[in-house]
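Readers should treat all values here as calculations from the given coordinates under stated rules, not as data from a laboratory. Bear in mind the structure is a predicted one, so any value in this text is a computation, not a measurement. Here the Cβ positions follow ideal geometry from the backbone for every residue, glycine too, while neighbour counts run over all protein chains shown.
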């Protein structure tokens, strides 16, 4: 599945919905093909070392981060971001996963499920900063995540367990 060596460097490139900003995150390539990439980003949150598995799909209107305590499969949080224009550039040096972030995020952690940045989405729509097409994408992705949240997160969890066991 992975044209490049697992463990190699890959860069996650997050562009703002309006194209004004770009953030780059150095990650470890877990596996990838032209349709899906899984990356690993190591971070610390509240003094706890975490492994955040990032799942990116070319044809889905969201990505998903599944964070576990480093070296385990004990979930700390799951976040699904509404995105568009996902590109998996495995031929680039280093390889990249690029996407446009459409602001809205679904968080699942000890506090339960909650939507983040709803006010930012509403303001962007109201001011015309977000296109009508992107506003429709946000609404469709939200409905998809609300209706299929358990199935989506369950599938991602199973993948994290499979990937962690293979490491």
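Before moving on, here are some points about what is shown:
- Label-point separation in nm, residue 150 to residue 69, each point 7 Å along Cα→Cβ: 2.7
- Shape category assigned to region 51-108 from the gyration tensor of Cα positions, a/c cut at 1.5: oblate
- Look at [x] 25, 20, 14; [y] 33, 22, 13; [z] 56, 15, 11: the one that is semi-axes √(5λ) of the Cα gyration tensor in Å derived from this structure is [x].
- Between helix 118-127 and the chain: long-axis angle, C-alpha atoms, 0 to 90°, nearest 10: 40
- Computed from the C-beta positions of residue 111 and residue 132, the FRET efficiency with R₀ = 35 Å rounds to 0.60.
- Between the helical axis of 132-166 and the longest alpha-carbon principal axis of the chain there is an angle of about 10 degrees.
- Sorting 77, 55 by the number of Cβ atoms found within 10 Å of their own Cβ, with the fewest placed first, yields 77, 55.
- Note on 52, 150, 16, 75: ascending count of other Cβ atoms within 10 Å places them as 150, 16, 75, 52, the fewest first.
- When the chain is treated as a Gaussian network with alpha carbon springs shorter than 10 Å, the biggest mean-square fluctuation among 59, 69, 157 belongs to 59.
- Where only DSSP H runs of four or more residues are counted, the chain gives -9500 deg cm²/dmol as its mean residue ellipticity at 222 nm, each run worth -39500 (n - 2.57).
- Difference of contour (0.36 nm per residue) and Cα-Cα distance, residue 158 to residue 143: 3.1 nm
- Taking the number of Cβ atoms within 10 Å of each Cβ as an exposure proxy, the fewest-first ranking of 12, 46, 132 is 46, 132, 12.
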